[in-house]
1. Which condition does ASP79 not pass, out of (1) at pLDDT below 85; (2) in contact with a strand residue (DSSP E or B) (Cβ under 9 Å, 6 or more places away or on another chain), if it passes all the others?
2. Condition first: farther than 15 Å from MET182 by Cβ, assigned to a helix (DSSP H, G or I) and touching a residue at least 40 places away in the same chain (Cβ under 8 Å). Now tell me which residues in region 140-169 satisfy that.
3. Considering region 1-23 alone, what residues qualify as being surrounded by 15 or more Cβ atoms within 10 Å (Cβ to Cβ), assigned to a helix (DSSP H, G or I) and not polar (S, T, N, Q)?
4. Within region 64-75, does at least one residue satisfy the condition of being within 30 Å of ILE254 (Cα to Cα) and at pLDDT 95 or above?
5. Condition check: under 23 Å from the mean Cα position of the chain (by Cα), surrounded by fewer than 16 Cβ atoms within 10 Å (Cβ to Cβ) and free of Cβ contacts under 8 Å to residues at least 60 places away in the same chain. Does PRO217 satisfy that?
6. I'm checking my understanding of the structure. Among residues of region 40-63 that are within 16 Å of the ligand (Cβ to nearest atom) and not in a strand (DSSP E or B), which one is surrounded by the most Cβ atoms within 10 Å (Cβ to Cβ)?
7. Which count do you get for residues in region 210-253 that are in a helix (DSSP H, G or I), more than 20 Å from GLU136 (Cβ to Cβ) and among the aromatic types (Phe, Trp, Tyr)?
Amino acid sequence: MSEIDESVNAYKFLQNFILSEQLYKTAEFDAKWYSSFAGFSRMIDHDYCDHCSANSVFEWNCDQYIHDMFCKLAEYNTDSQNPIIRCINDPHRNQEFFIDYLFFCTGCKRIHYYTLMFKGNTVTKIGQYPSFASKEKLELKKYKNLNIVKKYYIELMRSVDAYSQHMGIASFVYLRRIYEHMVEKEYAKLPDTIKKSNASFDEKMKAVDKKLHIIPPELDTQKSKIYSVLSKGIHEYEEDECYELYPAMRTIIILMLENYLSDKESKQQLEEIEKTLKSK
Ligand SMILES: [Zn+2]
């Protein structure tokens, strides 16, 4: 691999790790990349700015301190044949070094903070502000007053918090409770001719999906798999499995909420039209 390709890979790795990785995640990389890290001067992120109340461009610019720190780390983690250099570098090799990345909103100068801990050939994300959770919670706010989720809205927020802290089972349990509630409520609305008194959750979900199409048609080929994942009891999954399943479960709940929201909005629009016409 050429030096330029190597540097591009190092850049992509670092940028993705800072901006997209979950908190407390540790990743390994080639210690040779420290000299590339020292050479990066600028990074750009597109993120929501709660001060500008809009999506904005956030910019990070390297400073002397970060540059020097990476130069030192590059030195400490290079194998040298010289016993004197080895003697100087080796004690620092597995020492922890902390670096703060400050991304400024180009609109209002608000800062998004990320703190990384470098140790040998590993990096761990140990801090982030605002958290992924606060951004996601903001996006979910529009569903707050929907009747279907009113009682469980707080649990929807807690699931986001739990997921952002890598608590797979907790995040999954909250979503699963909301999902069960929505399916049960919709099933109760179905005509008696369709309903069965002893229907299993799986049967209820299939009947509701037939009416509401809660599983997107694009996922038709995966439908039976999705049904089986969603109908399994929460006690059947391990921590990591729950963490992996969370995004799928979340997407399906969001799709259901989107349906309710657009129904509510169309109803409001129709009422407005009726009101206007009546006044004429
Ligand atoms: Zn801003």
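The values are calculated or read from the model by the stated rules, or taken from the named source; none is laboratory data. It should be emphasised that the depicted structure is a prediction, and the values quoted were computed from it without experimental measurement. In this analysis, Cβ positions are derived from the backbone assuming ideal geometry, glycine residues included, and neighbour counts consider all displayed protein chains.
1. With (1) at pLDDT below 85; (2) in contact with a strand residue (DSSP E or B) (Cβ under 9 Å, 6 or more places away or on another chain) applied to ASP79, the lone miss is (2).
2. LYS142, TYR163, SER164, GLY168, ILE169
3. GLU6, ALA10, TYR11, PHE13, LEU14, PHE17, ILE18, LEU19, listed by residue number.
4. No, region 64-75 contains no residue that is within 30 Å of ILE254 (Cα to Cα) and at pLDDT 95 or above.
5. For PRO217, the condition - under 23 Å from the mean Cα position of the chain (by Cα), surrounded by fewer than 16 Cβ atoms within 10 Å (Cβ to Cβ) and free of Cβ contacts under 8 Å to residues at least 60 places away in the same chain - is not met.
6. ASP50
7. Count: 1.
For (1) outside the structural domain of ASP240 (by TED's automatic domain parsing); (2) under 24 Å from LEU19 (Cα atoms), each residue gets a yes or a no:
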residue	(1), (2)
THR106	yes, yes
HIS112	yes, yes
LYS150	no, no
SER159	no, yes
PHE172	no, yes
ALA188	no, no
